[in-house]
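Enquirer: Sharing a structure below in structure tokens format, with a few things to ask.
The values are calculated or read from the model by the stated rules, or taken from the named source; none is laboratory data. No experiment lies behind these values; they were computed from the predicted model shown. Positions of Cβ are generated from backbone atoms using ideal geometry, with glycine treated the same way; all protein chains shown enter the neighbour counts.
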Amino acid sequence: MPAEDLPEDVLKRLTSERPPICGVAMDRPSIMGILNVTPDSFSDGGQHAGREVADAEAMLASGADMLDIGGESTRPGADFVPAEEEAARVLPVIEALTAKGLGPISIDTRKAEVAKAALAAGAGLFNDVTALTFDPESLRVAAESGAAVCLMHSIKTPKTMQDNPHYSNVLLDVYDALHERIKACEAAGIPRARIMVDPGLGFGKTMAHNLALLRGISLFHGLGCAILLGVSRKGMIGKIADEPRPERRFAGSVTLALEGLNQGVQMLRVHDIAETKQSVALWRALNEA
């Protein structure tokens with residue numbers, strides 16, 4: 001329909017300014033650096049062992065606008081990690097960075113207990129791959145903390161999510177699921193201004209699903225929230241480009257990231273920060289007045 005015929009609430013969600021998240025402006029492309037303090041993440045498991053804080057500082061110095069710290073792998077087939085073990089992995093890093101005045105920091109967890117401790121230690125964003133559905137306390141913890149949240153779409157659990165995922169229309173189904181989670185957040189006292197959304201590429205999706213989501217990711221602006229895109233080093237790149245080694249998938253990662261920027265995505269979640277920052281700088285020079 002013509003833009004002038006859009007319902008007022010739809011037009012407002014599409015055109016309203018996206019407020020900063022944890023102090024990071026959403027009116028330009030931004031970068032979330034990935035710091036997995038896990039032994040089994042698909043790309044960098046164990047890579048940061050013993051030097052987590054130093055590596056985090058290096059990521060910020062390389063151009064990350066935010067750090068996403070996780071202590072449980074959510075790769076396909078990953079095993080569950082108890083909350084106590086997960087917290088023991090992430091809290092010392094968050095506390096050390098906060099003591100140095102470094103950040104902002106996102107805690108990548110699906111457990112309310114871990115999120116609560118991490119937010120108290122200095123994290124400002126609760127990034128949950130289950131959109132605050134795995135733990136019944138997550139909505140309350142997020143609301144009471146005043147933190148920002150990132151709602152990612154996924155199905156089942158990391159252990160089972162790739163077991164024959166099915167959608168009637170993946171783009172619309174994921175949109176509707178995120179829309180419902182935004183409503184649940186608002187009902188719990190979390191305003192839309194504190195919410196980011198992530199369509200969850202690779203989480204309960206086939207190759208065809210991932211490509212459909214990327215082709216139509218601009219649809220998610222209709223949710224009225226900033227969009228986070230996480231495609232860095234993912235398996236779909238390896239399959240399409242015939243590259244089995246995740247650490248050698250930068251070119252594919254940045255290709256998909258730039259397509260996201262072409263459709264207005266606000267934040268990129270990446271492993272290769274300096275290289276992505278360079279690509280984003282060139283994209284901005286070409287596309288911004």
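Enquirer: Quick check on this structure: which one of 270, 254 is touching a Ser or Thr at 6+ places or on another chain (Cβ under 6 Å), closer than 22 Å to residue 76 by Cβ and hydrophobic (A, V, I, L, M, F, W, C)? Before you say what the answer is, go through the steps one by one.
Expert: On the way: 254 fails: closer than 22 Å to residue 76 by Cβ.
Checking each option against the conditions leaves just 270.
Enquirer: Further question: Within region 177-213, can you find the residues that are outside any helix (DSSP H, G or I), closer than 14 Å to residue 148 by Cα and in contact with a Gly (Cβ under 8 Å, 6 or more places away or on another chain)? Don't jump to the end; show me each part of the working.
Expert: Taking region 177-213 as the starting set, the residues that turn out to be outside any helix (DSSP H, G or I) are 189-191, 195-206.
Among the residues that remain, those that are also closer than 14 Å to residue 148 by Cα are: 189-191, 195-198.
Selection gives 198 alone.
Enquirer: Which residues, counting only those in region 202-224, are within 16 Å of residue 169 (Cβ to Cβ) and touching a Leu at 6+ places or on another chain (Cβ under 9 Å)?
Expert: 205, 209, 210, 212, 213, 214, 215, 216, 217, 219, 220, 222
Enquirer: Among the residues of region 72-103, write down those that are small (Gly, Ala, Ser), within 20 Å of the chain's Cα centre (by Cα) and at pLDDT 95 or above. Lay out the reasoning, then the answer.
Expert: So in region 72-103, the residues small (Gly, Ala, Ser) come out as 73, 77-78, 83, 87-88, 96, 99, 101, 103.
If we keep only those that are within 20 Å of the chain's Cα centre (by Cα) as well, we get 73, 77-78, 87, 103.
Passing the criteria: 87, 103.
Enquirer: Could you count how many residues in region 105-132 are crowded, with 23+ Cβ neighbours inside 10 Å, closer than 18 Å to residue 33 by Cα and not aromatic (Phe, Trp, Tyr)?
Expert: So the answer is 11.
Enquirer: Could you please tell me which pairs satisfy a Cβ distance under 9 Å, a separation of 6+ or placement on different chains, a first residue in region 142-156 that is part of a loop (DSSP other than H, G, I, E, B), and a second residue that is acidic (Asp, Glu)?
Expert: 153/173; 153/198; 156/163
Enquirer: Report whether or not residue 255 is of a type in the set (S, T, N, Q) and surrounded by 22 or more Cβ atoms within 10 Å (Cβ to Cβ).
Expert: On the way: of a type in the set (S, T, N, Q): yes; surrounded by 22 or more Cβ atoms within 10 Å (Cβ to Cβ): no.
So residue 255 fails the test.
Enquirer: Checking residue 204 against (1) in contact with a Ser or Thr (Cβ under 8 Å, 6 or more places away or on another chain); (2) under 26 Å from residue 117 (Cα atoms): exactly one of these is not met. Which one?
Expert: Looking at each condition in turn, residue 204 falls short on (2).
Enquirer: Name the residue, out of 163, 135, that is crowded, with 19+ Cβ neighbours inside 10 Å, of a type in the set (Asp, Glu) and part of a loop (DSSP other than H, G, I, E, B).
Expert: Details: 163 fails: crowded, with 19+ Cβ neighbours inside 10 Å.
Going through 163, 135 in turn, the sole match is 135.
Enquirer: What residue, among those in region 42-70 that are modelled with pLDDT of 95 or more and assigned to a loop (DSSP other than H, G, I, E, B), is farthest from the chain's Cα centre (by Cα)?
Expert: Ranking the qualifying residues of region 42-70, first place goes to 63.
Enquirer: Check whether at least one residue in region 68-82 is of a type outside the set (Gly, Ala, Ser) and more than 30 Å from residue 165 (Cα to Cα), and report yes or no.
Expert: The first filter runs over region 68-82 and keeps only residues of a type outside the set (Gly, Ala, Ser), leaving 68-69, 72, 74-76, 79-82.
Then keep just the ones that are more than 30 Å from residue 165 (Cα to Cα); that gives none.
No, region 68-82 has no match at all.
Enquirer: Filtering region 70-111 down to residues that are in contact with a strand residue (DSSP E or B) (Cβ under 9 Å, 6 or more places away or on another chain) and among the hydrophobic types (A, V, I, L, M, F, W, C), which residue is nearest to residue 132 (Cα to Cα)?
Expert: Going through the qualifying residues, I end up with 107.
Enquirer: Quick one: how many residues across region 76-132 are assigned to a loop (DSSP other than H, G, I, E, B), charged (D, E, K, R) and farther than 18 Å from residue 148 by Cα? Show your work before the answer.
Expert: So the first thing to find is which residues in region 76-132 are assigned to a loop (DSSP other than H, G, I, E, B), and the list is 76-82, 100-104, 109-111, 122-124, 129-132.
Going one step further and asking which of them are charged (D, E, K, R), we end up with 79, 100, 110-111.
Narrowing the set further to residues that are farther than 18 Å from residue 148 by Cα leaves 79, 100.
Going through region 76-132 one residue at a time, the tally reaches 2.
Enquirer: Counting only residues that are in contact with a strand residue (DSSP E or B) (Cβ under 8 Å, 6 or more places away or on another chain) and of a type in the set (D, E, K, R), which one in region 246-289 is nearest to residue 17 (Cα to Cα)?
Expert: 269
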